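Supplied in structure tokens, the structure appears directly below.
The values are calculated or read from the model by the stated rules, or taken from the named source; none is laboratory data. The model shown is predicted, which means the values in this text are computed figures rather than measured ones. Every residue, glycine among them, receives a Cβ derived from its backbone with ideal geometry; neighbour counts consider all protein chains shown.
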Amino acid sequence: MPGRLSRRTQGEPDGPPDPAYAYRVGWLKEARTWDARRRSAVAEGLRLTLGDPAFSPNEYRRLHRVPALDESLHAGASLLALQQVLLALETDR
């Protein structure tokens, strides 16, 4: 279902841990505490960051800062997960 956060489907072989799943769970807990204005501001900052030619969707190296989110550096995969979470929360309204 579009906008839903899923981990793995049944029948998939077990493999290494999926960092994207852990990122989605963490961001979901965080984003649920934000009001609509904060979510919108973070989504706009995220759009700018993900659209930057220097953006790298790496799993662990924290290279990217997002305006309106915080002052921390984040891994590209983490930011892609945040984008999925914000989309899912927007879709569920």
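Hey, does region 62-74 have a residue that's at pLDDT below 95 and hydroxyl-bearing (Ser, Thr, Tyr)?
Taking every residue of region 62-74 in turn, none turns out to be at pLDDT below 95 and hydroxyl-bearing (Ser, Thr, Tyr).
Another question about this same structure. Need pairs with beta-carbon distance below 7 Å; first residue on the phi < 0 side of the Ramachandran plot and in contact (Cβ under 8 Å) with a residue 12 or more places away in the chain and within region 66-87, second surrounded by 19 or more Cβ atoms within 10 Å (Cβ to Cβ) and in a loop (DSSP other than H, G, I, E, B); sequence gap 6+ or separate chains.
His74/Val66; Leu79/Val66
Turning to a different aspect of this structure: Among the residues of region 34-46, is any part of a loop (DSSP other than H, G, I, E, B), more than 10 Å from the chain's Cα centre (by Cα) and of a type in the set (Ser, Thr, Tyr)?
Checked region 34-46: no residue is part of a loop (DSSP other than H, G, I, E, B), more than 10 Å from the chain's Cα centre (by Cα) and of a type in the set (Ser, Thr, Tyr).
Moving on. Give region 72-87 a look and list any residue that's closer than 12 Å to Tyr60 by Cβ and in contact with a strand residue (DSSP E or B) (Cβ under 9 Å, 6 or more places away or on another chain), or say none.
Leu73, His74, Ala75, Gly76, Ser78 - these are the residues of region 72-87 that are closer than 12 Å to Tyr60 by Cβ and in contact with a strand residue (DSSP E or B) (Cβ under 9 Å, 6 or more places away or on another chain).
Evaluate region 18-31: report whether one residue or more is touching a Phe, Trp or Tyr at 6+ places or on another chain (Cβ under 6 Å), at pLDDT below 90 and not in a helix (DSSP H, G or I).
Checked against the condition, which is being touching a Phe, Trp or Tyr at 6+ places or on another chain (Cβ under 6 Å), at pLDDT below 90 and not in a helix (DSSP H, G or I), region 18-31 yields no hits at all.
Condition first: touching a Lys or Arg at 6+ places or on another chain (Cβ under 9 Å) and among the hydroxyl-bearing types (Ser, Thr, Tyr). Now tell me which residues in region 53-93 satisfy that.
Those that are touching a Lys or Arg at 6+ places or on another chain (Cβ under 9 Å) and among the hydroxyl-bearing types (Ser, Thr, Tyr): Ser72, Ser78, Thr91.
Regarding region 50-63, can at least one residue be identified that is crowded, with 19+ Cβ neighbours inside 10 Å and under 14 Å from the mean Cα position of the chain (by Cα)?
Within region 50-63, none of the residues are crowded, with 19+ Cβ neighbours inside 10 Å and under 14 Å from the mean Cα position of the chain (by Cα).
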